[in-house]
Amino acid sequence: MNREHTEGLVTRLKISLGRNLHLSLALLSGLFLTLSPPIYADDTALEAEQETRLQTLAAPLYRLEQSIEYHKLDNGLQLRLLPLEHKHSVAIASQFAVGSRNETQGQTGYAHLFEHMLFKGSQNAPGDSYAQTMSSLSGQFNASTFFDQTNYYLNVPSKALQLALFLESDRFIRPDLTLETVTNQQQTVLEEMATTIDNQPYLRPAMELLLQQVQGTPYSHAVIGSRADIQAATPASLLQFHQRFYRPDTMQLTLVGQLPKQSLTWVENYFSTWPAPQHQAQTFSAPKIQRQFVHQEIIDPRGPWPALLLAWHTVGKNHADAAALSLVESYLLQSRTSLLTQQSLTNPQQLLNFSLPLSMRDIGVMNLVMVPRANVSLDALTEQVSAMINQLASEGISEETLTELKRQALNKQLSQLDNDIALATLLSNTLEQDQATPLSGPWQRINAVTVDDIRRVTQTYLQPGMVRLDLLPSWYIRWGKTLLEWLPKSWSDSLEEKAL
């Protein structure tokens with residue numbers, strides 16, 4: 001095939017791709033200060049100096065943690081109060097230990113649907129009263145549902161705290177589930193499902209394939225649920241879900257900001273009469289995951305360009321290896337100084353890459369989406385990433401690199417202290433092992449990671465195998481892409497620039 005024919009093919013590819021390429025790439029991408037070190041006589045002195053610097057940097061965590069007041073109501077509700085006198089508002093974060101993993105067959109998506117319902121009326125604030133009241137106070141409010149928990153947060157002026165606590169307690173304890181509001185929110189969730197999942201190339205089949213890898217565990221269905229289960233929900237079935245899973249002994253409530261002296265009294269007045277159910281709260285154990293290489297492909301005619309999705313099953317947040325794995329993920333994929341980024345500075349093999357790890361209580365997933373250059377195959381991308389993992393497993397990293405990874409992790413945690421909502425949400429997401437040290441506990445586990453830990457967890461969780469999913473567009477785009485891989489690099493680079 002001569003160059004004129006090739007350029008004609010690229011012109012047809014350009015028509016097929018159009019602006020959808022940019023939208024899909026954005027969709028896939030949306031699934032340091034350096035000082036000259038002093039010279040030391042030996043490594044021990046250097047390590048001691050680095051440890052001192054990290055502990056100095058971490059000091060705000062310990063100082064702020066000392067200001068937290070801890071309370072536990074008789075019904076089991078955990079409360080944290082963090083007064084910040086220089087503020088004029090209060091952030092309120094509530095987390096319930098209920099998510100999609102609590103759902104039974106035929107009720108998938110209930111946790112997310114119920115989250116919507118709690119903005120649509122309660123006994124003393126019917127209909128849209130909650131949203132209207134918060135808006136009148138210039139309050140910020142929202143919620144999110146995940147596999148393990150559901151989070152609610154708002155930020156209101158300090159003078160409105162009592163009213164906000166009353167409304168929070170009312171909707172959590174006494175939701176008003178009418179047929180009209182249930183029907184309305186069913187439609188809202190179905191539209192959300194269509195917009196964010198079903199109308200986007202690759203997403204639905206990719207999501208289902210990844211969930212199949214953990215079949216038989218509580219994490220084997222999507223948080224948003226199935227269309228059939230959402231449509232079948234009734235006020236009675238949702239009320240039963242509420243009575244079973246919305247309970248004070250699985251709730252963590254945090255107030256951060258300018259707290260009036262009556263704050264604790266208000267919480268007790270509005271929440272202490274909420275009785276804990278007689279039945280025990282649902283518990284889970286970490287599922288056993290078989291780590292092996294899985295390779296499958298998805299063909300979607302709506303896809304504008306091939307892409308690669310790689311995933312590794314790691315561990316949950318409660319696991320002893322979670323801290324080391326988080327540093328491994330940062331080193332390999334996530335930070336601006338990651339190994340993948342460094343390898344891509346001179347001659348990148350991908351148009352873009354993105355990694356967003358999923359960290360649940362009892363299971364974790366490290367993942368990577370890559371969109372290849374015109375002359376690079378999906379096999380070549382997979383080999384590049386596999387080589388990175390094998391290198392880390394065999395050679396490890398230096399103490400200096402580990403210190404930098406810890407510093408990056410610490411800075412990320414410190415950045416949450418500047419945002420009241422983020423800080424309140426962080427405190428309400430405290431793990432059982434950190435009840436007395438909600439801020440410093442996670443950092444201490446990060447700081448305890450050794451270079452040997454980095455090699456060991458890489459060998460244990462990443463080397464045994466990964467899930468490789470090839471995301472493929474229509475045949476003529478795949479054929480054209482294969483042709484570009486065989487062309488001289490100068491040709492393919494030129495044609496790629498025209499196509500994009």
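Things worth noting here:
- Mean Cβ neighbour count within 10 Å, used as a protection proxy, ranking 439-449, 368-378, 63-73 highest first: 368-378, 439-449, 63-73
- Taking S135, S94 and ordering them by how much accessible surface each has at a 1.4 Å probe, largest first, produces S135, S94.
- Across the options G109, V449, Q187, the greatest Cα extent toward the positive end of the charge dipole of the chain (unit charges at beta carbon of Lys, Arg, Asp, Glu) belongs to Q187.
- A probe of 1.4 angstrom, applied to the heavy atoms of all protein chains, finds L352 with accessible area near 40 square angstrom.
- Along the axis of the charge dipole computed for the range 203-294 (Cβ charges of +1 for Lys and Arg, -1 for Asp and Glu, origin at the Cα centre), the listed residues H279, A228, Y246 are led at the positive end by A228.
- Dipole magnitude (debye, nearest 20) for the chain, charges at Cβ of Lys, Arg, Asp, Glu: 740
- Accessible-area value, E485, 1.4 Å probe, nucleic acids and ligands omitted, Å²: 60
- Note: relative contact order over the range 293-359, using C-alpha pairs below 8 Å and six or more positions apart, is 22 percent.
- Distance between the range 417-445 and the range 93-144 - C-alpha centres, whole angstrom: 23
- Look at the dipole of the chain built from charges on Cβ: of A374, L423, N269, the Cα furthest out on the positive end belongs to A374.
- The range 129-217 - charge dipole about Cα centre, Lys and Arg +1 at Cβ, Asp and Glu -1, debye rounded to 20: 280
- The modelled label-to-label distance for the pair D198/K261, using points 7 Å beyond Cα in the direction of Cβ, is 5.8 nm.
- Extension gain, T437 to W486: 0.36 nm times the residue separation minus the Cα-Cα distance gives 11.9 nm.
- Long-range tail of P(r) for the range 117-235 (Cα pairs > 23 Å, %): 44
- When H86, H279, H313 are compared by accessible area of protein heavy atoms, the largest-first order is H86, H279, H313, using a 1.4 Å probe.
- Computed 3J(HN,Hα) for the range 168-176, one whole-Hz value per residue from the Karplus formula 6.51 cos²θ - 1.76 cosθ + 1.60 where θ = phi - 60°, is 4, 4, 5, 6, 6, 8, 10, x, 9, glycine and proline marked x.
- Accessible area in the full protein assembly, largest first, 1.4 Å probe, for H295, H116: H295, H116
- With a simple spin-label model that places each label point 7 Å from the Cα along the Cα-to-Cβ direction, the separation between Q463 and E51 comes to 2.8 nm.
- Residue-averaged [θ]222 nm for the chain, counting only DSSP H segments that reach four residues, each worth -39500 (n - 2.57): -13500 deg cm²/dmol
- Between the entries [x] 3, 17, 24, 25, 19, 10, 3, 0, 0; [y] 4, 17, 29, 28, 16, 5, 1, 0; [z] 4, 21, 31, 27, 14, 3, 0, the label attached to P(r) over Cα pairs in 10 Å bins from 0, in percent calculated for this structure is [x].
- With all protein chains in place and a 1.4 Å probe, the accessible surface of the chain carries 52 percent carbon and sulfur.
- The range 266-318 and the range 359-407: distance between their alpha carbon centers, rounded to Å: 22
- Modelled label positions at E395 and A422, each set 7 Å beyond Cα in the direction of Cβ, lie 3.4 nm from each other.
The values are calculated or read from the model by the stated rules, or taken from the named source; none is laboratory data. Small disclaimer: the values here were computed from a predicted structure and weren't measured. For neighbour counting, all protein chains shown are included, and Cβ atoms are generated from backbone atoms with ideal geometry for every residue, glycine included. Quick note on the areas: whole protein, heavy atoms, side chains included, nothing else; ligands and nucleic acids left out. Shrake-Rupley method; radii C 1.70, N 1.55, O 1.52, S 1.80 Å.
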